[in-house]
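Working notes, beginning with the structure itself.
Taken together, the values in this text are just the output of simple stated rules run on the coordinates, not laboratory data. Just so it is clear, the structure is predicted and the values come from calculations on it, not from any experiment. Here the Cβ is made from the backbone with ideal geometry for all residues, glycine too, and neighbour counts use every protein chain on show.
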Amino acid sequence: MIGPAMIRAAMIRAAAALRRDHRGASLVEFALVAHLILLPLAGTFDLGALFLTQRGLTWGVEAAARYASVNSTTATTAAITARFAAAAGPSMGAAATAATTVSIAYAPADAVGGSVTVTASYPWSGVLALGGIAPRTLTASQTLIIQH
């Protein structure tokens with residue numbers, strides 16, 4: 001017959017064996033520390049993507065405004081928007097460029113001496129969403145004097 005003393009002795013032996021067995025300790029330690037390493041890394045990737053997208057918007061509006069100011073008599077809204085997409089596309093990607101709203105405004109008119117303003121806005125959200133950077137609307141604007 002198995003008594004309480006035997007059960008207690010078996011439990012003590014099992015606990016002692018578990019204390020000596022260190023297999024899996026590295027996995028447990030990694031699980032405790034991994035989020036402390038990966039979360040800042042994810043934030044760094046998201047922050048880099050944010051800056052790259054903002055720079056793409058800036059490149060795009062600079063190229064579009066330059067095109068509109070030099071070709072004011074022949075530049076159409078579609079041509080200016082295409083110039084924006086060509087300049088912003090390499091850093092933003094085709095999908096992001098297509099999701100960008102581009103607006104063109106002339107003041108007082110599209111004549112020599114007037115000005116053209118190209119503004120672009122893009123609803124940005126982080127790729128990883130783990131870095132703690134909230135979604136936001138990125139904007140860029142460029143105003144140039146019409147030359148020709």
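Tabulated data for the structure shown
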read-out	value
Degrees separating the helix 25-70 axis from the principal Cα axis of the chain, which is the longest one	0 degrees
Size-normalised alpha-carbon gyration radius of the chain, reference 2.2 N^0.38 Å	2.04
Estimated dipole of the chain in Debye, rounded to 20 [Cβ of Lys and Arg +1, of Asp and Glu -1, Cα centre]	780 debye
Evaluated at q = 0.19, 0.22, 0.26, 0.28 Å⁻¹: base-10 log I(q)/I(0), Debye formula over Cα of the stretch 48-118	-0.68, -0.85, -1.08, -1.20
The stretch 1-147: relative contact order as a whole-number percent, Cα under 8 Å and 6+ apart	26 percent
Helix-only [θ]222 nm of the chain, DSSP H runs n ≥ 4, -39500 (n - 2.57) each, per residue, nearest 500	-19500 deg cm²/dmol
Distance (nanometres) between label positions extended 7 Å along Cα→Cβ at R55 and L32	4.0 nm
Tilt relative to the chain, helix 4-20 - C-alpha long axis, 0 to 90 degrees, to 10	40 degrees
Net lengthening on full extension, A98/I145 (0.36 nm per residue, minus Cα-Cα)	14.2 nm
For the chain, built as a Gaussian network whose Cα springs stay under 10 Å, the top-fluctuating residue of I133, I12, I37	I12
Label-point separation in nm, R23 to M11, each point 7 Å along Cα→Cβ	2.5 nm
Burial order of peptide ranges 55-64, 116-125, 24-33 (average beta-carbon count within 10 Å, highest first)	55-64, 116-125, 24-33
Charge-dipole axis of the stretch 4-145 as Lys and Arg at +1 and Asp and Glu at -1 on Cβ define it, positive-most pick from G56, I37, A109	I37
